[in-house]
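Below: the structure, in structure tokens.
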Amino acid sequence: MAAGDALLLEIRDLGVSFTTDDGMVRAVDGISLVARRGCTLGIVGESGSGKSVATKAVMRLLPANARLDEGSRILLHREEGEIDIAALPARSRELRRLRGGDIGMIFQEPMASFSPVYTVGNQMIEAILEHRDHLERRLGERFDRRSAREHAIRMLERVGMSNPRLRIDQYPHELSGGMRQRAMIAVALSTHPSLLIADEPTTALDVTIQAQILDLMLELQQELGMAMLFITHDMGVIARIAEEMAVMYLGRIVERGPTREIIREPAHPYTRGLLAALPRLDTARRRLTPVPGDIPSPLQRPAGCPFHTRCPRHMPGLCDRILPQDTDLGSGRSVACHLFGEAAS
Amino acid sequence: MLRFLVQRAIGMVVTMFFVSIMVFVIMELPPGDYADRYAFRKFSGTGVSVTETDIEGIRKQFGLDRPAWERYLTWIGGIVTRFDFGPSFAFETSANAVIGQRAGLTVVLLVGTLLLTYLLSIPIGIYAALRRQSLADYGLTVVSYLGLAIPNFMLALILLYVSVRYFGSTIGGLFSPEFEQAPWSWAKFVDLLKHLFVPAVVLAWSATALQLQTVRATMSDELNKLYVDAARARGLPEWKVIIKYPARLAINPVVSTVGFDANRIFSELPIVALVMSLPELGELLIKSFLDLDMYVAGAILLMLTAIIVFMNFVSDVVLALLDPRIKLEGG
Ligand SMILES: Nc1ncnc2c1ncn2[C@@H]1O[C@H](COP(=O)(O)OP(=O)(O)OP(=O)(O)O)[C@@H](O)[C@H]1O
Ligand SMILES: [Mg+2]
């Protein structure tokens with residue numbers, strides 16, 4: 001598929017708040033995103049910027065103390081038509097068919113994503129059987145217990161597990177971290193989703209394994225023609241895997257556009273900070289320079305631009321009072337910063 | 001698995017060997033022996049004067065004059081080879097005959113109490129964890145603290161009072177009067193169950209309160225684990241997610257404390273049995289110590305510990321079946 005413009009997932013004005021004992025936490029503050037079929041959208045941001053919350057919202061996996069804004073829309077464009085995930089009842093069949101069917105998800109902690117008391121195969125086959133109808137439409141084959149097992153073994157083999165016939169009957173604790181993440185990918189992809197959400201899938205792994213897993217994911221994505229929503233706080237990973245990216249800060253998207261353009265010429269001061277923090281081969285002697293300052297507590301979001309407390313180009317009187325709106329920079333890019341808005345000109 | 005079973009079984013036998021030695025030492029501990037006691041009981045007030053030689057004769061008659069290790073070997077040999085726990089001096093029959101029915105009743109009460117405890121605490125604990133901080137959860141917490149705070153004998157008395165006052169029936173003893181002497185029949189069996197139900201409730205009360213909180217706490221922990229979300233993200237129905245994943249792990253601590261619960265029940269049983277006039281072992285144990293009827297005491301101690309050791313064995317095996325992370329080969 002030519003990097004087609006076919007929309008797959010469209011998030012509009014997604015806002016998520018948590019009620020906590022300390023007050024209201026505004027974790028995601030009205031973000032809009034699109035993911036296209038067969039493409040990877042990277043979301044990058046520091047810890048606590050709301051990346052996980054936003055993606056959990058797409059799967060409707062938020063805990064009971066979370067609330068979606070009234071106007072939040074999470075539109076999934078399927079062949080059968082468009083569906084608003086945000087509006088589905090929490091325990092509906094529709095929602096269950098999406099989870100693990102149209103949308104697969106892998107998590108940051110490969111150890112914790114498997115239950116320790118069932119074999120890898122058990123947890124895999126369960127998902128395949130749960131989505132029998134979906135798989136029948138996708139592959140033209142209706143699985144029973146036997147053939148689901150064979151399918152699971154093929155998937156384990158596909159993600160590069162040695163000796164999958166043995167592995168399938170092993171327990172998670174018998175696999176190494178990298179193997180477990182491969183198994184998790186196999187579980188998520190065994191139902192052939194059209195969208196894979198990967199929440200920092202490589203963060204817990206060591207560097208060589210990280211690279212292997214990334215390669216594997218890229219390969220599988222092309223093979224299966226699925227879209228990916230790839231979350232990370234590592235600019236290097238984004239550069240490698242995502243055609244488009246969005247930079248999140250304190251629950252807002254501050255910059256978005258084609259990855260290549262943004263990396264070559266970042267607009268938002270925060271994006272520039274993140275890129276400067278990236279160790280490069282040609283500047284290996286330079287020390288890692290993280291964006292200076294601390295992220296404000298989400299309980300007390302700063303007025304105006306959320307980043308102004310740490311911004312090297314902070315304009316007093318403007319940035320700390322007025323929330324910058326998205327400014328179109330052309331070629332699919334936009335930035336939310338007063339340096340680029342009408343207010344600056 | 002077989003190796004694991006054999007290992008644990010051997011462990012059980014070794015434990016019982018040491019227990020038997022300890023029990024025998026306990027049997028030897030009280031000052032004086034049954035010969036003195038027997039002479040006193042038989043001849044006091046009859047005007048017959050008892051001499052040292054008479055007592056010596058009695059001692060010989062009961063075999064109390066032989067060295068301790070010899071008596072231990074005879075005793076344990078009888079138990080192992082013939083399941084014969086020795087004589088009962090006080091009742092002038094065998095210890096087996098004295099203990100007989102009471103042992104059965106004690107085991108039935110124990111198993112009934114454990115079943116009741118787990119049937120109540122596991123589902124309720126899981127429910128409370130799912131409805132954390134709801135009215136139902138707070139209510140259950142209050143009830144279970146009450147369960148821990150109210151002493152068993154008081155609960156037994158209250159239940160006795162209520163049943164006599166409002167239902168006109170006695171729940172004390174084993175049978176209603178009309179069945180006391182009747183031959184065994186279905187009706188008599190049902191009557192027995194009715195009588196055992198209340199003591200089982202009394203005994204299960206505090207254990208249920210405790211286990212309910214354990215299950216609730218473990219379940220709350222497990223519910224927050226990533227694998228639960230991962231299961232949801234695979235599209236499983238919510239009930240299946242809950243039952244197959246966190247609930248399965250939430251019962252582990254309960255299983256691992258079966259032996260502990262059995263122990264508690266044994267130590268609470270005598271008081272409850274006393275209040276409800278049930279013929280069980282604990283009460284007999286105290287009596288036999290008072291009478292220096294040491295073979296009966298020894299038999300009871302041995303049986304109670306054997307049951308607890310066996311319960312621990314069962315809990316080990318079940319736990320190993322429930323949790324594959326427990327290495328089946330290791331010790
Ligand atoms: N269950 C919850 N209750 C209250 N606040 C929450 C809850 N879950 C997340 N938050 C808050 O939402 C904000 C965003 O969290 P989120 O996990 O999405 O961050 P993240 O960008 O994924 O960070 P990381 O890189 O560490 O994974 C944080 O400030 C966090 O404290
Ligand atoms: Mg996260």
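The values are calculated or read from the model by the stated rules, or taken from the named source; none is laboratory data. What you see is a predicted model; the values in this text were computed from it and never measured. Neighbour counts run over all protein chains shown; Cβ positions are idealised from the backbone, glycine included. Accessible surface areas use protein heavy atoms only, side chains included; no ligands, DNA or RNA. Shrake-Rupley method; radii C 1.70, N 1.55, O 1.52, S 1.80 Å.
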Search result, residues across segment B:46-60 that are more than 22 Å from B:Glu92 (Cβ to Cβ) and either in contact (Cβ under 8 Å) with a residue 60 or more places away in the chain or assigned to a loop (DSSP other than H, G, I, E, B) (or both): B:Gly47, B:Ser49, B:Thr51
Test: residue in segment A:41-56 that is assigned to a helix (DSSP H, G or I) and in contact with a Ser or Thr (Cβ under 8 Å, 6 or more places away or on another chain): no
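Of everything in segment A:184-208 that's β-branched (Val, Ile, Thr) and within 16 Å of ligand 1 (Cβ to nearest atom), which residue is nearest to the chain's Cα centre (by Cα)? Outline the logic, then answer.
Start the filter on segment A:184-208 by keeping residues that are β-branched (Val, Ile, Thr), which leaves A:185, A:187, A:191, A:197, A:202-203, A:207-208.
Next, from what is left, pick out any that are within 16 Å of ligand 1 (Cβ to nearest atom): A:197, A:202-203.
On the way: A:Ile197: 5, A:Thr202: 12, A:Thr203: 13 Å.
Ranking the qualifying residues of segment A:184-208, first place goes to A:Ile197.
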Criterion: within 13 Å of another protein chain (Cβ to nearest Cβ) and assigned to a strand (DSSP E or B) - qualifying residue of A:Met105, A:Met111: A:Met105
Segment A:35-52: number of residues that are away from ligand 1 (no atom under 12 Å from the Cβ) and surrounded by fewer than 19 Cβ atoms within 10 Å (Cβ to Cβ): 1
Of residues in segment A:235-258 being within 25 Å of A:Pro324 (Cα to Cα) and among the charged types (D, E, K, R), the one nearest to ligand 1 (Cβ to nearest atom): A:Arg252
Test: residue in segment A:212-224 that is out of contact with any Cys (no Cβ under 7 Å at 6 or more places or on another chain), assigned by TED's automatic domain parsing to the domain that holds A:Asp13 and within 16 Å of ligand 2 (Cβ to nearest atom): no
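Any chance segment B:214-224 includes a residue that's at pLDDT 90 or above, more than 30 Å from A:Asp102 (Cβ to Cβ) and within 13 Å of another protein chain (Cβ to nearest Cβ)?
Yes: one or more hits.
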Index of the failed condition, A:Ala27 passing every other in (1) among the aliphatic types (A, V, I, L, M); (2) away from ligand 2 (no atom under 14 Å from the Cβ); (3) in a strand (DSSP E or B); (4) open to solvent by 10 Å² or more (accessible area, probe 1.4 Å): (2)
Any chance A:Ile85 is open to solvent by less than 20 Å² (accessible area, probe 1.4 Å), within 14 Å of chain B (Cβ to nearest Cβ), more than 14 Å from ligand 2 (Cβ to nearest atom) and more than 19 Å from A:Ile185 (Cα to Cα): yes
Set A:Leu14, A:Leu8: member being more than 16 Å from ligand 2 (Cβ to nearest atom), more than 14 Å from chain B (Cβ to nearest Cβ), assigned to a strand (DSSP E or B) and open to solvent by less than 20 Å² (accessible area, probe 1.4 Å): A:Leu8
Conditions (1) open to solvent by less than 70 Å² (accessible area, probe 1.4 Å); (2) more than 14 Å from chain B (Cβ to nearest Cβ): number failed by A:Asp144: (1)
Qualifying residue in segment A:82-89 (condition: within 16 Å of ligand 1 (Cβ to nearest atom) and either among the charged types (D, E, K, R) or more than 19 Å from A:Ile253 (Cβ to Cβ) (or both)): no
Only listed residue being open to solvent by less than 50 Å² (accessible area, probe 1.4 Å) and either at pLDDT below 90 or of a type in the set (Lys, Arg) (or both), chosen from A:Thr289, A:Thr259, A:Thr283: A:Thr283
B:Tyr295 modelled with pLDDT under 90, more than 23 Å from B:Leu109 (Cβ to Cβ) and either open to solvent by less than 10 Å² (accessible area, probe 1.4 Å) or assigned to a helix (DSSP H, G or I) (or both): yes
Complete set of residues in segment A:114-124 that are more than 7 Å from chain B (Cβ to nearest Cβ), surrounded by fewer than 24 Cβ atoms within 10 Å (Cβ to Cβ) and of a type in the set (Val, Ile, Thr): A:Thr119
Checklist (1) more than 16 Å from ligand 1 (Cβ to nearest atom); (2) farther than 20 Å from A:Ile241 by Cβ; (3) in contact (Cβ under 8 Å) with a residue 24 or more places away in the chain applied to A:Gly104, failing item: (2)
Evaluation of A:Arg93 against (1) open to solvent by 20 Å² or more (accessible area, probe 1.4 Å); (2) within 13 Å of another protein chain (Cβ to nearest Cβ); (3) more than 24 Å from A:Gln325 (Cβ to Cβ); (4) touching a residue at least 12 places away in the same chain (Cβ under 8 Å) (one fails), failing number: (4)
Residue among A:Thr55, A:Thr20 that is within 14 Å of chain B (Cβ to nearest Cβ), open to solvent by 20 Å² or more (accessible area, probe 1.4 Å), in contact (Cβ under 8 Å) with a residue 40 or more places away in the chain and within 15 Å of ligand 1 (Cβ to nearest atom): A:Thr20
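Keeping to segment B:225-251, report how many residues are within 32 Å of the chain's Cα centre (by Cα), over 13 Å from B:Gly125 (Cβ atoms) and either touching a residue at least 40 places away in the same chain (Cβ under 8 Å) or more than 9 Å from every other protein chain (Cβ to nearest Cβ) (or both).
Summing the residues that are within 32 Å of the chain's Cα centre (by Cα), over 13 Å from B:Gly125 (Cβ atoms) and either touching a residue at least 40 places away in the same chain (Cβ under 8 Å) or more than 9 Å from every other protein chain (Cβ to nearest Cβ) (or both) in segment B:225-251 gives 2.
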Unique residue being more than 12 Å from chain A (Cβ to nearest Cβ) and either within 21 Å of B:Leu148 (Cβ to Cβ) or open to solvent by less than 40 Å² (accessible area, probe 1.4 Å) (or both) when the list is B:Phe260, B:Phe289: B:Phe260
